[in-house]
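Visitor: Shown below is the structure under consideration.
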Amino acid sequence: CTMVLAKQTWPMPSYRLPDVALAAGVDLTRHHEAASDALAAAGILVAQQRAHGVDSIDGLMKSARVQWGRIYDGGYDTCRRR
């Protein structure tokens, strides 16, 4: 969801994880290592909350006009713009 949220937060030519991390001011020293990527995504989420002036993920989703994804038997739906 952080990529969908990034598209609603920062105008950028690319929304690859390293580019979004840079825009958010988040360190991503070891891209493609699971722990590093996960920590970067968490930092990006916090930066997105600050950018939208909200203090919760639900508030961020509402402010950015993004709908939660969902997991169900047999598949999943990703987050998407409303």
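Visitor: What relative contact order, as a whole-number percentage, does the chain give when Cα pairs under 8 Å and 6 or more residues apart are counted?
Guide: Dividing the mean separation by the residue count of the chain yields 29 percent.
Visitor: Okay, moving on. Over the chain, with the other protein chains present, what is the accessible area per residue in square angstrom, probe 1.4 angstrom?
Guide: I get 67 Å² per residue for this part.
Visitor: Sticking with this structure for a sec: Considering only protein heavy atoms and a 1.4 Å probe, what is the carbon-and-sulfur percentage of the accessible area of the chain? Before the final figure, lay out the partial values.
Guide: Numbers: 2950 of 5530 Å².
The C+S portion of the solvent-accessible surface of the chain is 53 percent.
Visitor: Okay, next question. Between beta-carbons, use under 15 Å as the cut-off and find the net charge around Gln48, counting Lys and Arg +1, Asp and Glu -1.
Guide: +2
Visitor: Please provide three numbers in whole Å: the alpha-carbon extents of the chain along the principal axes, with the largest listed first.
Guide: Here the Cα extents, ordered largest to smallest, are 35, 32, 25 Å.
Visitor: For region 8-70, build the charge dipole from Cβ charges (+1 Lys, Arg; -1 Asp, Glu) around the Cα centre, then report which of Leu22, Ala42, Leu60 sits farthest towards its positive end.
Guide: Leu60
Visitor: Continuing with the same structure: Per-residue counts of other Cβ atoms within 10 Å, averaged by peptide: what ranking do you get for 42-50, 13-21, 1-9, highest first?
Guide: Most protected by this proxy first, the peptides run 1-9, 42-50, 13-21.
Visitor: Per DSSP H run of at least 4 residues, take -39500 (n - 2.57); add these up for the chain, divide by its residues and hand me the 222 nm value, nearest 500 deg cm²/dmol.
Guide: Here the helix-only value at 222 nm equals -16000 deg cm²/dmol.
The values are calculated or read from the model by the stated rules, or taken from the named source; none is laboratory data. Just so we're clear, the structure is a prediction, and the values are computed from it rather than from any experiment. FYI the Cβ positions are ideal-geometry reconstructions off the backbone, even for glycines, and counts take in every protein chain you see. To get the accessible areas, we keep the full protein, side chains included, count just its heavy atoms, and leave off ligands, DNA and RNA. Shrake-Rupley method; radii C 1.70, N 1.55, O 1.52, S 1.80 Å.
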